[in-house]
Amino acid sequence: MSGFDWPALMQAGLRGLGLKPAEFWALTPAELRVMLGEARGIAPLGRGGLDALMQAYPDLRGANDDG
């Protein structure tokens, strides 16, 4: 199972967007999503996420110093 509803995607691309088959198959899934208006992108890292990363990977003085 690929996780994609190919019949629905093909209908949206070929019928809805008027793409030719070669144009449809040349697209990446991300490009097709943009063309269909579904591009939301990834939300930027918020303060909570940054705090969690800093906690998990603290800067240690001297650990990677070049000098």
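The values are calculated or read from the model by the stated rules, or taken from the named source; none is laboratory data. Only a predicted model underlies this, so the values are computations on that prediction, with no experimental measurement involved. Each accessible area value is taken on the protein alone, full model and side chains, heavy atoms only, with ligands, DNA and RNA left out. Shrake-Rupley method; radii C 1.70, N 1.55, O 1.52, S 1.80 Å.
Below is a table of values for the structure above.
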| item | result |
| --- | --- |
| Rounded accessible area of L19 (nearest 10 Å², 1.4 Å probe) | 30 |
| By accessible area with a 1.4 Å probe, ligands and nucleic acids excluded, highest first: order of R47, R15, R61 | R61, R15, R47 |
| List M10, M35, ordered by accessible area with a 1.4 Å probe, largest first | M35, M10 |
